[in-house]
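Working notes, structure below.
The values are calculated or read from the model by the stated rules, or taken from the named source; none is laboratory data. Just so you know, these numbers come straight off a predicted model, no measurement behind them. Neighbour counts run over all protein chains shown; Cβ positions are idealised from the backbone, glycine included. Only protein heavy atoms, including side chains, enter the accessible area calculation; ligands, DNA and RNA are left aside. Shrake-Rupley method; radii C 1.70, N 1.55, O 1.52, S 1.80 Å.
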Amino acid sequence: MTSSNQTLFEKSQQLIPGGVNSPVRAFRSVGGTPIFFKKGLGSRLWDVDGKEYIDYINSWGPMIVGHAHPEVIKAVQDVAENSLSFGAPTGLELEMAELINKLVPSMEQVRLNSSGTEATMSAIRTSRGFTGRDKIVKFEGCYHGHSDGLLVKAGSGLLTFGEPDSGGVPASVAAHTLTLEYNNTQALKDLFAKLGDEIACVIIEPVVGNMNLIVPHVEFLQTLRELCTKHGAVLIFDEVMTGFRVHLGGAQALYNIKPDMTTLGKVIGGGLPVGAFGGRKDIMQCLAPVGKVYQAGTLSGNPVAVTAGLKTLALIQAPNFHVNLAAQTTKLIEGLKAAANEAGVIFNAQSVGGMFGLYFCEHCPTSYHEMMQSNKEHFNHFFHSMLDSGIYLGPSAFEAGFVSAAHSDEDIALTIAAAKKAFQSL
Ligand code: KE4
């Protein structure tokens with residue numbers, strides 16, 4: 001019996017490249033047919049055939065208070081009645097700027113836009129405008145959205161200019177991007193010794209979620225902070241995924257390291273399109289209409305999207321919100337590790353706040369190279385067994401997972417029971 005997912009997927013592929021509006025959704029990494037959803041509520045999703053799932057993607061992070069939270073939906077409905085967009089300033093944007101400054105004190109000034117990609121692209125342009133330098137540094141395995149200069153992979157060796165990691169990116173653009181190995185402190189020191197005064201900015205995921213979950217060595221982050229300060233390079237923490245997720249104040253609060261700029265997305269919009277970049281006032285004053293760095297957006301600071309974000313950010317300030325979220329996530333990964341151990345399967349897992357990583361290898365990877373050693377085939381088998389049991393994990397061995405405040409003890413217990421079955425079948 002052909003599922004509606006298959007029918008929809010076949011039709012979608014005629015009119016939408018790969019049948020999806022974002023590549024990871026196509027299940028190319030895990031195989032099989034992507035699930036088309038029609039409803040979400042709390043920790044649950046229902047697909048077009050009415051099959052129910054426990055959701056550990058949370059729309060890749062935004063749905064931290066659960067799907068269709070009644071207070072978020074009500075706030076959006078109320079504000080939408082006053083029109084969806086003005087293309088002019090509103091008091092809501094000031095409210096969001098004040099809240100961001102309160103929750104992320106390093107963001108003395110902030111600009112809203114409509115995606116994490118826009119946020120990181122704008123932060124990099126601002127850093128180049130502020131320093132007058134062209135070179136930027138990123139880390140292999142970190143993803144910062146799809147602007148040209150960030151779709152770059154490491155050139156041969158560790159300390160070379162980048163090569164395009166996507167079609168359509170001119171080599172001349174990639175050439176300004178240097179890519180280093182995450183958690184490699186020596187490579188950092190070597191780079192700055194050689195080119196430190198030519199670097200406009202370093203952009204990093206302070207906790208990585210885009211090559212699965214990779215936790216930073218504190219000494220690596222501290223060295224990065226010191227070297228950027230010494231050489232006048234702008235340190236950008238890309239907290240699109242970690243912001244409000246690993247801690248109310250993001251990874252910068254968790255590790256007590258103050259970046260010069262921060263990018264935000266996902267949770268800040270509560271499921272509607274909001275991105276943000278901000279930081280030191282002297283850097284942000286480079287932006288038009290005050291300074292010479294141009295950056296703009298028709299729907300930047302959109303009142304409906306900002307309202308969804310403001311309500312979500314209000315809800316996550318509840319007492320013990322992040323303590324409870326981290327505890328629930330820990331309960332999940334400890335249960336999964338115990339189930340794998342019981343089945344004699346080589347598996348590990350870890351979590352930071354409300355995000356987690358599952359690995360089919362002995363140890364939790366600390367670098368891109370180690371991550372690539374994990375058993376992708378075992379992950380793919382595990383993914384489909386869990387999907388059959390109604391557990392929806394990220395369709396790639398190289399993505400982090402997410403828990404929301406709506407995930408109950410029953411959800412965790414059902415997930416662990418499904419994992420026992422999946423591990424037994426490996
Ligand atoms: P968006 O342009 O997708 O809103 O944000 C880009 C981005 C920037 N920085 C970080 C740290 C991110 O994780 C992201 C987006 N993350 C992916 C998940 N791996 C979004 C999912 C997708 O591309 O469909």
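Data table
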item	result
For the chain: relative contact order, % (alpha-carbon pairs under 8 angstrom, 6 or more apart)	21 percent
Spatially proximal aspartates and glutamates relative to LYS230 (Cα-Cα < 15 Å; intrachain offsets below 8 disregarded)	ASP190, ASP197, GLU198, ASP260
In sequence order, calculated HN-Hα J values of the range 124-137 (Karplus, 6.51, -1.76, 1.60; Hz; x Gly/Pro)	5, 4, 5, 5, 5, x, 6, 8, x, 10, 9, 6, 10, 10
Residues listed by number, the range 93-108, amide nitrogen under 12 Å from ASN82 label point at 7 Å toward C-beta	93-95
Protein accessible area in the chain, 1.4 Å probe - carbon and sulfur %	54 percent
For the range 1-68, size of Cβ-based charge dipole, Lys and Arg +1, Asp and Glu -1, in debye	80 debye
Ordering of 408-415, 54-61 by burial proxy (mean other Cβ atoms within 10 Å per residue, highest first)	54-61, 408-415
Whether the range 102-236 is rounded, prolate or oblate, judged on the alpha carbon gyration tensor where a/c under 1.5 counts as rounded	rounded
Distance (nanometres) between label positions extended 7 Å along Cα→Cβ at ASP388 and GLN6	1.5 nm
Rounded if a/c under 1.5, otherwise prolate or oblate - the range 109-149, Cα gyration tensor axes	oblate
Taking only Cα atoms of the chain, radius of gyration then Dmax in Å	21.2, 64
FRET efficiency, ASN101 to ARG28 (Cβ-Cβ, R0 45 Å, nearest 0.05)	0.65
Dipole moment magnitude, nearest 20 debye, the range 319-417 about Cα centre, only Lys, Arg, Asp, Glu C-beta charged	140 debye
Difference of contour (0.36 nm per residue) and Cα-Cα distance, SER408 to ASP148	89.5 nm
Highest-MSF residue in the chain out of SER22, SER351, SER172 [GNM, Cα springs under 10 Å]	SER22
Interchain or long-range residues, amide H under 5 Å from PHE139's placed H	LEU180
Area of VAL207 that stays accessible when all protein chains are in place (1.4 Å probe, Å², to 10)	0 Å²
Over 25 Å (Cα to Cα) - which of LYS102/LYS311; LYS51/LYS420; LYS102/LYS258; LYS138/LYS189; LYS138/LYS258; LYS102/LYS135 fall in this group	LYS102/LYS135
Cα gyration tensor of the range 278-426 - equivalent ellipsoid semi-axes, whole Å, descending	38, 20, 14
Fraction of beta bridges assigned by DSSP in the range 220-317 that are antiparallel (%, nearest 5)	40 percent
GNM flexibility winner over the chain from GLY18, GLY116, GLY301 (Cα, springs under 10 Å)	GLY18
Point-charge dipole on Cβ atoms (K/R +1, D/E -1) for the range 70-315, about Cα centre, debye to 20	280 debye
Three-way shape label, the range 1-109, alpha-carbon gyration tensor, a/c 1.5	prolate
Fraction of antiparallel bridges per DSSP, the chain only, in percent to nearest 5	60 percent
Estimated [θ] at 222 nm from DSSP helical runs (n ≥ 4, -39500 (n - 2.57)) normalised by residues in the chain, nearest 500	-11500 deg cm²/dmol
Relative packing of 271-281, 317-327, 190-200, which averages over residues the other C-beta atoms within 10 Å, highest first	271-281, 190-200, 317-327
Solvent-accessible area per residue, Å², over the range 70-315 with all protein chains present [probe radius 1.4 Å]	39 Å²
Charge dipole (the chain, unit charges on Cβ, about Cα centre) - positive-most of TYR255, TYR182, SER172	SER172
